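J.: Take a look at the following structure, please.
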Amino acid sequence: MNPSDPEVLAAEKKRGGGPVRRFRLTAAEARVDLGGRTLRTWAYGDDLPGKEVRVTAGDILDLTLANHLPVDTTLHSHGIRLRCDMDGVPDLTQAGIKPGAEFAYRFAVQHPGTYWLHSHSGMQLDRGLYAPLIVEDPKEPLTYDKEWVVVLDDWVDGVDGSTPDSVLTQLHHGKRPPMDMGTGGMSGHGGSAGHHAMARGPARAGSSGPSRVLRGSHSDLLSSMGGNVDFPYYLVNGRLPQAPTVFRAKPGDRIRLRIINAGADTAFRVALGGHEMTITHTDGYPVQPTTTDALLLGMAERYDVLVTAQDGVFPLVALAEGKKARALAVLRTAKSGALPEPSVQPDELQGRLVPARRLVPGDAVAYSDRKPDRQIRLRLTGNMKDFNWSFDHRPYSVEQRHPIRQDERVRLTIINATNMWHPIHLHGHTFAMTGLDAAGARKDTAIVLPHRKLVFDFYADNPGLWMLHCHNQYHSESGMMTTLGYHR
Ligand SMILES: [Cu+2]
């Protein structure tokens, strides 16, 4: 089935149609101020993160992306179960948007939650090409006074000559990843170059900048290295710890935090000093409220939490797991009181931490115990030395398909045969974690630890071609991506 086939359109029709909400983003070169450090990068407008897109469940989102970059780009609405031809995967669901061209992403948004927008072309996500996408619930069951959208990121672009592409080249010992990007049939320029080479920006490739290869890293939480890249900076809402964003509220306010990990190679351990948090959602879907001191977010994961603000000035710290570095933001409810030091270490970081597999889904989104109709087993393969990350030893090719059929309940077992942890993301569906007695929390991105497995179920209710990939951008771009394809 192809991304614009009648089945895709039929599924879209069932989602209904409410008011059309129009937005316009421009991907362009930009100067961004991280707080005392100004850099050139690629971003959506002049903002980092890009300006929030906020709609209500039931709306039609009409989002035009104008490409002012020197290379092709696309936009992916991460976590949204949308029509396949609006999913923004170059050469799979659409042709890359050429420099100077634009593309209208128009689709029904059915489910509320915390999502995000990012480029799905080459290493562009690890520049500034990301923005929050918040879908409000017209029947919001939670009560809170304020909302704080918190976007975490690891940053290298434009620092001393580095770009994400040059860092990828370093990880490949100066060579280009040997990915077969297919025939490039959709983009029409043929040959094996494909969108990824185009999206990389040939003028800025090569191994410019100092070595960014991470060495001697270990995270107990992740049972492996924290990642592969030693980033010079870690950011909350585009700001360095020396000049953090300050969120103001009153003592006693209930605040909903929507936390998004927009990093490319960093898991963050997040805590708010002086507060416990109540987890209400992950990846946009409700869970049974669960109190915790800290959260662990792999790349592209989201958590919504509620806190009751204490009186004072409090650090929101995001530790870069296994990297001896951190990002910082500040909650202020008192008029006086100095900002926390950039090195502040709240006790909550070492407190309770609830892994996603222990969360219990909200009643309305819990899966039944129906047996799967189809089982797919995949292995994650590759190693740090060769940087040959892949599924089943086969680097990504745009023609690969793992067949599924509409209305099946599919069980995917992903065996991590590597020494590295990976955040695995499925497009177009929100799966249910398994492993507890009953089906677990609904998610679209989940961490799999080294030599462990990730097992999840999903209903094949959204026809088309859907990527399954590691959300470590340096891994996916090295080949750790594959595609599930509906067949008739
Ligand atoms: Cu990975």
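The values are calculated or read from the model by the stated rules, or taken from the named source; none is laboratory data. Computed from a predicted structure; not experimentally measured. As a convention, Cβ positions derive from the backbone with ideal geometry for all residues, glycine included, and neighbour counts pool all protein chains shown. Only protein heavy atoms, including side chains, enter the accessible area calculation; ligands, DNA and RNA are left aside. Shrake-Rupley method; radii C 1.70, N 1.55, O 1.52, S 1.80 Å.
J.: So K13 ticks every box in (1) part of a loop (DSSP other than H, G, I, E, B); (2) within 30 Å of I404 (Cβ to Cβ) but one. Which box is left unticked?
T.: (1)
J.: May I ask you to list the residues in region 413-425 that are within 16 Å of the ligand (Cβ to nearest atom) and either among the aromatic types (F, W, Y) or open to solvent by less than 30 Å² (accessible area, probe 1.4 Å) (or both)?
T.: The answer is I414, N416, T418, M420, W421, H422, P423, I424, H425.
J.: Counting only residues that are touching a Pro at 6+ places or on another chain (Cβ under 8 Å) and open to solvent by 20 Å² or more (accessible area, probe 1.4 Å), which one in region 350-403 is nearest to L168 (Cα to Cα)?
T.: Filtering region 350-403 for residues that are touching a Pro at 6+ places or on another chain (Cβ under 8 Å) and open to solvent by 20 Å² or more (accessible area, probe 1.4 Å), the one nearest to L168 (Cα to Cα) comes out as N388.
J.: Another question about this same structure. Check off (1) within 15 Å of the ligand (Cβ to nearest atom); (2) open to solvent by 40 Å² or more (accessible area, probe 1.4 Å); (3) among the charged types (D, E, K, R) for E477 and give me the number that stays unchecked.
T.: (2) is the only condition that E477 fails.
J.: Only one of (1) crowded, with 24+ Cβ neighbours inside 10 Å; (2) touching a His at 6+ places or on another chain (Cβ under 6 Å) fails for G322. Which number is that?
T.: In the conditions (1) crowded, with 24+ Cβ neighbours inside 10 Å; (2) touching a His at 6+ places or on another chain (Cβ under 6 Å), G322 misses (1) alone.
J.: Can you list the strands (runs of 3 or more DSSP E) found entirely within region 239-295 that contain at least 1 residues being open to solvent by 20 Å² or more (accessible area, probe 1.4 Å) and either within 21 Å of L319 (Cα to Cα) or among the hydroxyl-bearing types (S, T, Y) (or both)?
T.: 246-248, 268-272, 277-282, 285-292
J.: Could you tell me whether any residue of region 426-440 is more than 16 Å from the ligand (Cβ to nearest atom) and free of Cβ contacts under 8 Å to residues at least 12 places away in the same chain?
T.: The answer is yes, given that some residue of region 426-440 is more than 16 Å from the ligand (Cβ to nearest atom) and free of Cβ contacts under 8 Å to residues at least 12 places away in the same chain.
J.: When only residues in region 150-171 that are touching a strand residue (DSSP E or B) at 6+ places or on another chain (Cβ under 7 Å) and over 30 Å from V246 (Cα atoms) count, which is surrounded by the most Cβ atoms within 10 Å (Cβ to Cβ)?
T.: Result: V167.
J.: Still on this model: So which of D85, D91 is on the phi > 0 side of the Ramachandran plot, of a type outside the set (V, I, T) and open to solvent by 10 Å² or more (accessible area, probe 1.4 Å)?
T.: Among D85, D91, only D91 is on the phi > 0 side of the Ramachandran plot, of a type outside the set (V, I, T) and open to solvent by 10 Å² or more (accessible area, probe 1.4 Å).
J.: Given (1) outside any strand (DSSP E or B); (2) polar (S, T, N, Q); (3) buried (at least 19 other Cβ atoms within 10 Å of the Cβ), where does S343 come up short, assuming only one miss?
T.: Only one criterion in (1) outside any strand (DSSP E or B); (2) polar (S, T, N, Q); (3) buried (at least 19 other Cβ atoms within 10 Å of the Cβ) is unmet by S343, namely (3).
J.: Then there's this: Look at region 426-460 and say how many of its residues are acidic (D, E), assigned to a loop (DSSP other than H, G, I, E, B) and open to solvent by less than 10 Å² (accessible area, probe 1.4 Å).
T.: Result for region 426-460: 1.
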